[in-house]
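To keep things clear, I will list the structure first and then write my remarks on it.
Laboratory data are not the source of any read-out in this text; all were calculated from the coordinates shown. All values derive from a computational prediction rather than experimental measurement. Cβ sites come from the backbone with ideal geometry, for glycine too, and all protein chains shown count toward neighbours.
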Amino acid sequence: MVNILITNNNNERYEFTLSGVDVAFANMIRRIMISEIPILAVDFIEINHNTCYKSDTLAHCIGLFPIESSNSDLSVNCKNCKSFCEKCSIPLLLDVKNESNELLKVTSSDFKSTINIRPHMPIMKLKKGEFVTIKAYARKNIGKKHAKWQPVSVASYNYSKPHATTFKFFIEPTGALSSHEILKRAFEILRDKAQSCIEKIKI
């Protein structure tokens, strides 16, 4: 019988012991957590005004910001539009100008959107008179498509016996989903895969 015992549960590191399975099963769960759980990430960036930083540097930085994804019901494969509609994307706006004599720190908290980006993540520093205007869109996808859609930065396990049935897992979430939600969704995806195979066998 498959058994899960959670041994450490916090926002930075999640540890659990998975027993009653073989190496193939443990590795399947690990791979699903890394590459098959849909989350939100910035997928398109339009930089309208940028007086100080290279545009590709900004785009790369913003594209990796973790976005809260637990309540998102956006479609992964939207068939109703050719660009960005409300069913598959969420806009984010950044419009900042430094009017003071002090350096102005621009962070992820300065974005305006209906979704939650991890706050206070640094983007740039503006001198007096410098400004930046950015429009971006967040979309949902999976880590197989791009690393920015991976809900974990670390997902690994260890075991000691050649034919082990017990595995100690370590997960470090990016912030898009809680560790508990990542584990739950990984098993749901595995369940759906198994159900699909059963249906095909019946046919």
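Points to keep in mind about this one:
- Its relative contact order, with pairs defined as Cα atoms under 8 Å and 6+ residues apart, puts segment 40-141 at 43 percent.
- Counting only alpha carbon atoms, the long axis of helix 23-35 and the longest principal axis of the chain meet at about 20°.
- Projected label points at F44 and D56, each 7 Å from Cα along the beta carbon direction, are separated by 2.2 nanometres.
- Free of any GluC sites (Glu not before Pro) that DSSP assigns to a loop and that have at most 14 other C-beta atoms within 10 Å, the longest stretch within the chain is 103-203.
- Rounded to the nearest 20 debye, the dipole size of segment 40-141 about its Cα centre is 140 debye, using +1 on the Cβ of Lys and Arg and -1 on the Cβ of Asp and Glu.
- Segment 1-44-segment 157-203 distance, computed between alpha-carbon centres (Å): 6
- Database note for the chain: Cys without another Cys beta carbon under 4.7 angstrom, C52, C61, C197.
- Using a cut-off of 20 Å between Cα atoms, the listed pairs K79/K148; K54/K144; K87/K184; K54/K97; K79/K202; K112/K135 include K79/K148; K54/K144; K87/K184; K79/K202 as exceeding that distance.
- The simple Förster model, with R0 at 35 Å and r as the Cβ-Cβ distance, assigns N11 and K82 a FRET efficiency of 0.35.
- Computed from label points 7 Å out along Cα-Cβ, the spacing between V154 and L103 is 3.0 nm.
- Exposure proxy ranking, count of Cβ atoms within 10 Å, fewest first, for D95, D110, D73, D56: D73, D56, D95, D110
- Segment 19-96: trypsin sites (Lys or Arg not before Pro) in DSSP coil with no more than 12 other Cβ atoms inside 10 Å: K54, K79, K82, K87
- Applying 1/(1 + (r/R0)^6) with R0 = 41 Å to the Cβ-Cβ distance of T114 and I198 gives a FRET efficiency near 0.60.
- Other residues within the sphere of radius under 12 Å centred on the Cβ of L18, judged by their own Cβ, net out at 0 (K and R +1, D and E -1).
- Stretch gain in nm, segment E68-R191, where the contour uses 0.36 nm per residue and the Cα spacing is subtracted: 41.9 nm
- Listed candidates (i) 1.23; (ii) 1.10; (iii) 0.98 - label of the one calculated as Cα Rg over 2.2 N^0.38 Å: (i)
- The chain: calculated mean residue ellipticity at 222 nm from DSSP helix runs of at least 4, using -39500 (n - 2.57): -7500 deg cm²/dmol
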